[in-house]
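The values are calculated or read from the model by the stated rules, or taken from the named source; none is laboratory data. This one's a predicted model, so the numbers in the text were calculated from it and none came from an experiment. Reconstructed Cβ throughout: ideal geometry from the backbone, glycine too, with neighbour counts over all protein chains shown. SASA here: full protein model, heavy atoms, side chains in, ligands and nucleic acids out. Shrake-Rupley method; radii C 1.70, N 1.55, O 1.52, S 1.80 Å.
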Amino acid sequence: MAGWQEIHLDGQVAIVTGAASGLGLETVRLLASHGARVVLADVNTERVQALATELREGDADAVALTVDVASPQSVGDGIASVLDDLGRIDVLINAAGVDVTASATDLTPEDWRRVLGVNLDGPFLMSRAVLPAMRKQGGGHIV
């Protein structure tokens, strides 16, 4: 298996959900360091815009995308925007995730639905949305 040092992603478009922080942000930085055109996808508009600007100042090819992975409409609009602007999607990293620290008796149904929406529906909706473009271009990678 090839090490990260041997991987070149020059020109490949990689979308990373949950890109405003944590694992998503570190994944964006890693992909950008290997030449990918990174799309920072997150609900936190201000944060992903600032991070995309920071990455571009460091010579990375980075784009901010505001998307709520739990919303089919938001996901559809976001993927359409990426395809309109960048023409392809080669990699999707489903890194968005939320948790709520509360006991079962204190957890609200709204909080529970948000956790399920982001953590379970999000990867499904994002994967489903990118698959037609990946099939049309002959392939891609979803993590």
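Observations on the model:
- Hey, Thr17 among the hydroxyl-bearing types (Ser, Thr, Tyr) and open to solvent by 30 Å² or more (accessible area, probe 1.4 Å) or not: no
- Of all residues in region 48-66, those being buried (at least 17 other Cβ atoms within 10 Å of the Cβ), not polar (S, T, N, Q) and not in a loop (DSSP other than H, G, I, E, B) number 9.
- Subset of region 86-115 that is touching a residue at least 40 places away in the same chain (Cβ under 8 Å) and part of a helix (DSSP H, G or I) - its residue that is least open to solvent (accessible area, probe 1.4 Å): Leu86
- Once region 67-85 is narrowed to residues that are farther than 24 Å from Leu116 by Cα and in contact (Cβ under 8 Å) with a residue 40 or more places away in the chain, the residue that is least open to solvent (accessible area, probe 1.4 Å) is Val82.
- Residue that is farthest from the chain's Cα centre (by Cα), among those in region 20-47 that are more than 23 Å from Val75 (Cβ to Cβ) and either in contact (Cβ under 8 Å) with a residue 60 or more places away in the chain or open to solvent by 70 Å² or more (accessible area, probe 1.4 Å) (or both): Ser33
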